Amino acid sequence: MEPAQPWRGEASPLQAAPSRYESQKRRDWNTFVQYLRNHKPPLVLSRCSGAHVIEFLRYLDQFGKTKVHVPRCAFYGHPSPPGPCACPLRQAWGSLDALIGRLRAAYEESGGFPDTNPFAARAIRIFLHDVREIQAKARGIPYEKKKRKHAAAAGQGRAGDKPSSSTAFSGDSSDSGTGGGPGDSLLGSFTS
């Protein structure tokens, strides 16, 4: 797979306009390809690793809108701080997670093989897990594992059992006051 090519979706005149997801995926892919071209030294997709993807995700933080309090901040661990602070803005975990999902799909749709997909690397999963934990601690919001639906449904079927309920945060940025969720494209506003 040499070199990375911009997205060239096959649209026929009879085909409807692409979905929002497909449009975001195309924009995200084209921006990642542009990032590889602008990299010093320029990178080709076949030599791109999970480390390069993490470098790209860190690059995106400069466009983030989610306040992530540092441990020395007075508001560290407070979900709704009462005032402003100088802590950095970052990309929300949910937005990064959704972006990786779109780029992972775009890589394979562009001819890449699943076993060489840099967006599926273990390092990416670890990085996203760490970002989620750091942001949860900084905002004082614990992330809980979602319970499986079939386990909850099985518990409701027996007499005398109370329905089980759990509150789990999805990790999106919609509760951060940014106005955007994980479905919003991170890349549409700064492509060059």
Exercise. Under a 5 Å amide H to amide H cut-off, with H placed in plane at 1.01 Å, what residues pair with Arg90 once short-range neighbours are removed?
Worked result: Lys65, Thr66, Lys67, Val68
Problem set entry | Two-site label geometry, Thr116 and Ala17: point separation in nm, points 7 Å out along Cα→Cβ | 3.7 nm
Seminar exercise, completed: Taking only protein heavy atoms and a 1.4 Å probe, the highest-to-lowest accessible-area order of Lys40, Lys65 is Lys40, Lys65
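The values are calculated or read from the model by the stated rules, or taken from the named source; none is laboratory data. No experiment lies behind these values; they were computed from the predicted model shown. Because the Cβ atoms are built from the backbone with ideal geometry, glycine has one as well, and the counts that use them run over all protein chains shown. Only protein heavy atoms, including side chains, enter the accessible area calculation; ligands, DNA and RNA are left aside. Shrake-Rupley method; radii C 1.70, N 1.55, O 1.52, S 1.80 Å.
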